[in-house]
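Worksheet: one structure, shown below.
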Amino acid sequence: MARYPEGHKQETRDRILDAAARRFKTDGLTGAGIGPVMADAGLTNGGFYAHFASKEDLICAVVRREIAAQTAALSAHPASPEGLVDALRAYLSARHRDDHAGGCPTAAMVEDIARAAPAVREAYGSAMTQMVATLRAEGRVRSDLDDAAILAALGALSGVLQMSRALPDPDVAAEVLKRGLMQALATLGAEPD
């Protein structure tokens, strides 16, 4: 029996999660099967169940991981009005809009998550609640906003990104990003420079 180096199982799991995140964001939760995910990870289907109990288990793990990564990316910006402006500009940029596979998990998967099994919706809700708690604890949102207001603002941001992706006219799509940024900044209490 071959022995693998320490950390091999976690590295393999991470490869599967990375491949699944890209696939789910581009093909949808139902459009991406285990076979293509494992192939993208450079693995055979047989290894899947050593890491996940089911596709639903994989989806939950991807959702939690992607929202946590997005929270960390937001936290990398300074906790100041300028940091918020920079974070929102990066989010509502043409570069982010055009990066479906590497972009926002909410903008790419929220419709599928809404139709998914309760465990998937619970994983998403829990991850978003943690994001709001982190933003609040770091002083990144106005203190007078309740959790529902923050979630609504985050939802509006992902909606702007989705709308800009769907529009065929690049000038209109760019203007949607620009106006979405202005509305988000007004809602969340930061002024652009």
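The values are calculated or read from the model by the stated rules, or taken from the named source; none is laboratory data. Computed from a predicted model, the values in this text were never measured in an experiment. For accessibility, only protein heavy atoms count, side chains too; no ligands or nucleic acids. Shrake-Rupley method; radii C 1.70, N 1.55, O 1.52, S 1.80 Å.
Worth a mention:
- Fraction of accessible area attributable to carbon and sulfur, the chain (%, probe 1.4 Å): 55 percent
- Taking every DSSP helix (H) stretch of at least 4 residues in the chain, weighting each as -39,500 (n - 2.57) and dividing the sum by the residue count yields a mean residue ellipticity at 222 nm of -22500 deg cm²/dmol.
- For the chain, the solvent-accessible area works out to 54 Å² per residue, with a probe of 1.4 Å and every protein chain left in place.
- Ignoring aspartates and glutamates fewer than eight residues from Lys25 along the same chain, the ones with Cα atoms less than 16 angstrom from its Cα are Asp40, Glu56, Glu66, Asp98, Asp99, Glu111, Asp112.
- Both the radius of gyration and Dmax for the range 9-94 are 15.7, 49 Å, in that order, over alpha-carbon atoms.
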